[in-house]
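A.B. asks: The structure under discussion is supplied below as structure tokens; questions concerning it will follow.
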Amino acid sequence: MDGRAAIEELSRSLPEGTVATDPDVIATYLQDWSRYPEVGRPLGLVRPACAAEIQEVLRWASSHHVPVVPRGAGSGLSGGATAVEGGILLCTERMRSVAVDPAMRVATAEAGALNAEVKAAAAAHGLWYPPDPSSFEMCSIGGNVATNAGGMCCVKYGVTSDYVLGMRVVLADGTLVTLGGPRLKDSAGLSLTKLFVGSEGTLGVVADVTLRLLPAPPPASTVVAAFASLDRAVAAVLALLSTVRPATLELMDRVSINAVEDALAMDLDRSAEALLVARSDVSAAEAAKVVATFEEAGATEVYATDDADEGEAFLAARRAVIPALDRMGDLLIEDVGVPIPKLPELVAGIGEIAARYDVTVALYAHVGDGNTHPTIVYDGSDPAGTARARAAFGAIMDLAISLGGTITGEHGTGRYKRPWLAAYLGDDVMELSRRIKEALDPDGILNPGVMF
């Protein structure tokens, strides 16, 4: 059966409007935010409305050996949701329901529900869903699970995997399995729920997730400090983390600061080489400790506020870095992480790489947990500049590995970082990963080209 006949067969098995083949409609779904360049021509776009429809899609894809690329909101930053030749794009954007059980303090969210929608549903019951990627207003829970997303609260409150209690996932052959559930403790059997968190659509398609919620956090104080050098800012981070675990600890370098200021005019200090934004939700004494630590570390200016709107404005500046940098040129976005004591070596090494390859690197970070986002800004129309940018991209990942770090803290391996995965994991773990992949997806139809 040729591709056109096969996609028509799929269309007949699903509700009208579920399958789209119009190239103009499909065009907006071909890539995630990272714009990975090697894009194939898919047979169609499928937007299921429930788990049963995902099952129908995967049964069809398995029988016809058609590749399936799962996709949420398209906010991914590693090329994980990139169309492949002759495959289909399976987008969960129509699966948006969220239900909260306040007695159990859990939420059940369909894969297409936005992170912000889960937060809002929890807040209606005085509860809180902590993971908060910078794109929380537009990223989906299914995508968060696929990459084990983190965000600004990770330093104190953890990442997505710390909140996933269960899920329903559709395997490559269309089997729907229920893993875990609304139980706060459960050690029965293998930890299969965790296996699918961070699997980037290579093992199955997540239909819905059961998430742990917390009581709403107390009001937070925000402390912002400017530094005359990145070295001093990193030293301040190490000094602070030796005594305090803030709710948030973020870093922006001069390139990031000026990009945001150019885009939004937020009155940030353009002369600063680094800006630290910390939040404390414990006590006034802890906030005072943050202020004192930054001052002792040589900050040129320290500003503290208990005003919620002011605090959110500083976090908004940090969240705006990627869109602001996007105005400057093409981007290669990293999310390498290292053990906290290795941060000075990582930051210094990134500066050396930028100079060696003559590229602009913006450095911003969830610095409190060692997860940095060095982002290379380049001109994609310049072949020589593009080659230098790609070389610098690889050199930064090699640096992170050499420091005992990781090639991805929260964005996922995707397609961009796949060439470095074996060097990070080692041959034995890579082979074990392949065996798991082959057991669950023997025909290799799920997100081919990601990780493997």
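A.B. asks: Calculate how large, on average over all directions, the projected area of the Cα convex hull of region 3-91 is; give the answer in nm² to one decimal.
C.D. replies: Over every viewing direction, the Cα hull of region 3-91 projects on average to 5.3 nm².
A.B. asks: Another one. Calculate how steeply helix 383-402 sits against the longest principal axis of the alpha-carbon atoms of the chain, using the helix alpha-carbon long axis, and give the answer as 0 to 90 degrees to the nearest 10.
C.D. replies: Between helix and principal axis, roughly 80 degrees.
A.B. asks: Still on this model: Give LYS156/LYS194; LYS119/LYS417; LYS119/LYS437; LYS417/LYS437 a once-over and call out the pairs whose C-alpha atoms are over 22 Å from each other.
C.D. replies: Correct reply: LYS119/LYS417; LYS119/LYS437.
A.B. asks: Going by alpha carbons, how many degrees (0 to 90, nearest 10) lie between the helix axis of 308-319 and the longest principal axis of the chain?
C.D. replies: The answer is roughly 70 degrees.
A.B. asks: Also, I was wondering about something else. Would you kindly work out the equivalent ellipsoid of region 219-316 from its C-alpha gyration tensor and give its semi-axes, the square roots of five times the eigenvalues, largest first in whole Å? Walk me through the intermediate numbers first.
C.D. replies: Details: eigenvalues 83, 55, 18 Å².
Ellipsoid half-lengths, sorted descending, are 20, 17, 10 Å.
A.B. asks: If you keep only loop residues by DSSP, which GluC sites (Glu not before Pro) in region 258-300 have at most 15 other Cβ atoms within 10 Å of their Cβ?
C.D. replies: none
A.B. asks: List the trypsin sites (Lys or Arg not before Pro) within region 252-299 that fall in a DSSP loop (any state other than H, G, I, E or B) and whose Cβ has at most 13 other Cβ atoms within 10 Å.
C.D. replies: Within region 252-299, the qualifying trypsin sites (Lys or Arg not before Pro) (loop, at most 13 other Cβ atoms within 10 Å) are ARG270.
A.B. asks: R0 = 22 Å: FRET efficiency of ASP262 with ARG390, Cβ-based, nearest 0.05?
C.D. replies: 0.30
A.B. asks: What angle do you read, to the nearest 10 degrees and between 0 and 90, between the alpha-carbon axis of helix 51-64 and the longest principal axis of the chain?
C.D. replies: 60 degrees
A.B. asks: Can you tell me the order of 210-220, 40-50, 10-20 when each peptide is scored by its average per-residue count of other Cβ atoms within 10 angstrom, highest first? Provide the component values of the computation, followed by the final result.
C.D. replies: On the way: 210-220: 16.7, 40-50: 21.0, 10-20: 14.9.
Result, highest mean Cβ count within 10 Å first: 40-50, 210-220, 10-20.
A.B. asks: In a solvent-free Debye calculation with one equal scatterer on each Cα, what is log10 I(q)/I(0) for the chain at q = 0.06, 0.07, 0.12, 0.13 Å⁻¹, listed in the order of the q values?
C.D. replies: Values returned for q = 0.06, 0.07, 0.12, 0.13 Å⁻¹ are -0.26, -0.35, -1.04, -1.20.
A.B. asks: For region 162-266, rounded, prolate or oblate, judged on the Cα gyration tensor with a ≥ b ≥ c (square roots of eigenvalues), a/c < 1.5 rounded, else prolate if a/b > b/c?
C.D. replies: prolate
A.B. asks: Give the Rg/Rh ratio for region 98-215, taking Rg as the radius of gyration of the Cα atoms and Rh as the Kirkwood radius, to two decimals.
C.D. replies: Ratio value, two decimals: 0.94.
A.B. asks: Mean residue ellipticity at 222 nm from the helices of the chain, using -39,500 (n - 2.57) per DSSP H segment of n ≥ 4 over the full residue count, to the nearest 500 deg cm²/dmol?
C.D. replies: For the chain, the value works out to -11000 deg cm²/dmol.
A.B. asks: On to the next question. So for region 98-215, averaging the separation of alpha carbon pairs under 8 Å that are six or more residues apart and normalising by length, what relative contact order in percent results?
C.D. replies: Worked out over region 98-215, it gives 32 percent.
A.B. asks: Write down Rg/Rh for region 22-141, rounded to two decimals, with Rg from the C-alpha atoms and Rh from the Kirkwood relation over Cα pairs.
C.D. replies: When Rh is taken as the Kirkwood radius, the ratio is 1.03.
A.B. asks: Could you please state, rounded to a whole Å, how far the C-alpha centre of region 218-254 is from the C-alpha centre of region 125-172?
C.D. replies: 24 Å
No value in this document is a laboratory result; all are computed from the given coordinates. Note that the structure is a prediction, hence the values are computed from the model and not measured. Neighbour counts are summed over all protein chains in view; Cβ atoms, including those assigned to glycine, are modelled from backbone coordinates with ideal geometry.
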